[in-house]
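The values are calculated or read from the model by the stated rules, or taken from the named source; none is laboratory data. Quantities reported herein were computed from a predicted structural model and do not represent experimental measurements. Neighbour counts are summed over all protein chains in view; Cβ atoms, including those assigned to glycine, are modelled from backbone coordinates with ideal geometry. What goes into the accessible areas is simple: the full protein's heavy atoms, side chains included, and nothing from ligands, DNA or RNA. Shrake-Rupley method; radii C 1.70, N 1.55, O 1.52, S 1.80 Å.
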Amino acid sequence: MEFSTKAEKLQPDSGRARLYFCTPDSPLNDEAAKLLRASLKEGECFAAAQTVENGRLNGAAVACLADLDRKTVEKASAEAAAWAQKQQAVDVDLTPFCETDSPRVAEIFTLAAGAAVYRFDRFKKEAKPAELKNIAFCHDRHAAVVEQAVAFARAALYGINLCKDLANTAPNVCTPAYLAETAKAEAEQAGAAGKILGRDYIENHMPSFWGVAKGSVQEPKLLELSYFGAADQSAAPVVLVGKGLTFDSGGISLKPGEAMDEMKYDMCGAASVIGTFVAAVRAKLPVNLIAVVAACENMPDGGAAKPGDIVKAMNGTTIENLNTDAEGRLVLCDALTYAEQFKPAAVIDVATLTGACIIALGHVASGVMGNRQELVDELLAASRESNDKIWQLPLFEEYREQLKSNFADLQNIGGRAAGTITAATFLAHFAENYPWAHLDIAGTAWKSGKDKGATGRPVPLLLQFLKNRA
């Protein structure tokens, strides 16, 4: 889908479908739009009149904003986008809004339109793409800032869709090698650098990671992407770390068979880190950014890790593996140690880590914890701005008691109580030397049921965080 900007007011006789973003009182120069706005009942924000011209749906629509709160704009944009995706081309009028609000509305609607037209039909014999091919934003006074906002939204949308595509791809295709190689190619195409380390490095230097990966015939991969866009390219980078379990059977601690197919989504942390990185590079954000992705499968073959095994992590910590289905933290702990070499300004890891997070927060908010409140506060602020919801959980010292082992420095599970927190407490042991935050996205990374598929979260949150830092 193409996006463009016109430095002019939208004319009623444009010959294309017309969408007017307005307030209850803003002037409209289109009689159909005036009638549509007048038809709205209390609590409604969208109305459209459809006609058929040359065999295609066409007409006018209004998205009436009671206020400019992000939730309000997102709701109206989602309804407008559902209508727009049935059109072939849409002109969008933003004239009522000021230099600040016009770009905000344009950015939010761009993301909504992208979500409405998204299809993952790679494996279908017959694809049915959305009708919508072109959106033009019209503003006679603030076209330049609208164009900048749309450009950023396009980059964000590319990253969100990349995240969705990687996550939705079948696990027999999206192997660790496929994930790493696709991400490296995307990063290099955007103008960044990438390298991939394989079995030899992981087996020799990252024993906890290798302990998970060794049960699969698929070779594990450690992906490192780097981009130095800040004015001072020597400044400490932000490092994003992603859990990339391209399939998680649970290993010897085998998962139930029901819905096990959804364990292809156990790499959504990696997919979101990759999507965020590529979007930031495409948007040319002035930041120094590193992405580290630890990718493997967790499978139950004869060489797989066993409950009771003890491994030594990359930083020398010994870990008793009491449950092989608590494998994400065993992969991430070595990735967090690997990240230390970059002398980071901040490290954020992203993982579908615990089912307990779904019990705690459902499918609405991701969990966030960290060892520096300032960093967590930055993420909370970015969450409010992007409406990509997160909620802070505590990391009190007392939770470390649940990870004490009789036979090793740590055990990899702390029991049923506070499962999300003890998982993060485990990771905190490997992130003591830099500011660190952990995002548990187990409840928000994908949807089940008839709308099954990856959500692209938390790419919007992470991009907003980076944008704020930039």
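Residues are listed down the side, and each one gets a yes or a no for (1) touching a Gly at 6+ places or on another chain (Cβ under 8 Å); (2) of a type in the set (A, V, I, L, M); (3) surrounded by fewer than 19 Cβ atoms within 10 Å (Cβ to Cβ):
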residue	(1), (2), (3)
75	no, no, yes
84	no, yes, no
110	no, no, no
113	no, yes, no
131	no, no, yes
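For segment 312-321: of the residues being crowded, with 17+ Cβ neighbours inside 10 Å and either modelled with pLDDT under 95 or out of contact with any Phe, Trp or Tyr (no Cβ under 8 Å at 6 or more places or on another chain) (or both), which is farthest from residue 335 (Cα to Cα)?
Looking at residues that are crowded, with 17+ Cβ neighbours inside 10 Å and either modelled with pLDDT under 95 or out of contact with any Phe, Trp or Tyr (no Cβ under 8 Å at 6 or more places or on another chain) (or both), I get 321.
Hey, among the residues in segment 342-355 that are surrounded by 21 or more Cβ atoms within 10 Å (Cβ to Cβ) and not in a loop (DSSP other than H, G, I, E, B), which one's farthest from the chain's Cα centre (by Cα)?
346
Can you pull out the residues in segment 376-433 that are open to solvent by 40 Å² or more (accessible area, probe 1.4 Å) and acidic (Asp, Glu)?
Answer for segment 376-433, where residues must be open to solvent by 40 Å² or more (accessible area, probe 1.4 Å) and acidic (Asp, Glu): 377, 378, 385, 397, 398, 401, 409, 432.
Can you confirm whether segment 154-167 contains a residue that is in a loop (DSSP other than H, G, I, E, B) and either touching a Phe, Trp or Tyr at 6+ places or on another chain (Cβ under 7 Å) or surrounded by fewer than 24 Cβ atoms within 10 Å (Cβ to Cβ) (or both)?
No, the conditions are met nowhere in segment 154-167.
Does any residue of segment 405-426 turn out to be of a type in the set (Asp, Glu) and within 20 Å of residue 165 (Cβ to Cβ)?
no
So which residues in segment 443-470 are open to solvent by less than 10 Å² (accessible area, probe 1.4 Å) and part of a loop (DSSP other than H, G, I, E, B)?
Once the filter is applied, which keeps residues that are open to solvent by less than 10 Å² (accessible area, probe 1.4 Å) and part of a loop (DSSP other than H, G, I, E, B), segment 443-470 yields 443, 444, 445, 456, 458.
Tally the residues that are assigned to a helix (DSSP H, G or I), under 16 Å from residue 435 (Cβ atoms) and either modelled with pLDDT under 95 or open to solvent by less than 10 Å² (accessible area, probe 1.4 Å) (or both), restricting the search to segment 356-375.
1
Does segment 172-184 include one or more residues that are more than 17 Å from residue 273 (Cα to Cα) and without any contact (Cβ under 8 Å) to a residue 24 or more places away in the chain?
Scanning segment 172-184, I find at least one residue that is more than 17 Å from residue 273 (Cα to Cα) and without any contact (Cβ under 8 Å) to a residue 24 or more places away in the chain, so the answer is yes.
Would you check which residues across segment 322-342 are β-branched (Val, Ile, Thr) and more than 14 Å from residue 423 (Cα to Cα) and list them?
Result: 337, single match.
Counting only residues that are in contact with a His (Cβ under 8 Å, 6 or more places away or on another chain) and of a type in the set (Ser, Thr, Tyr), give me the strands (runs of 3 or more DSSP E) lying completely in segment 1-106 with at least 1 of them.
Correct list: 2-6.
Determine, yes or no, whether residue 233 is touching a residue at least 40 places away in the same chain (Cβ under 8 Å), surrounded by fewer than 19 Cβ atoms within 10 Å (Cβ to Cβ), more than 30 Å from residue 94 (Cα to Cα) and among the polar types (S, T, N, Q).
Yes, satisfied.
Run residue 421 past the list (1) touching a residue at least 40 places away in the same chain (Cβ under 8 Å); (2) within 17 Å of residue 320 (Cα to Cα); (3) in a helix (DSSP H, G or I) and report the number of the one that doesn't hold.
The single condition residue 421 does not satisfy is (2).
Scan segment 106-121 and tell me whether some residue there is over 17 Å from residue 10 (Cβ atoms) and free of Cβ contacts under 8 Å to residues at least 12 places away in the same chain.
Yes.
Where residues in segment 174-216 are assigned to a loop (DSSP other than H, G, I, E, B) and open to solvent by 40 Å² or more (accessible area, probe 1.4 Å), which of them is farthest from residue 320 (Cα to Cα)?
191
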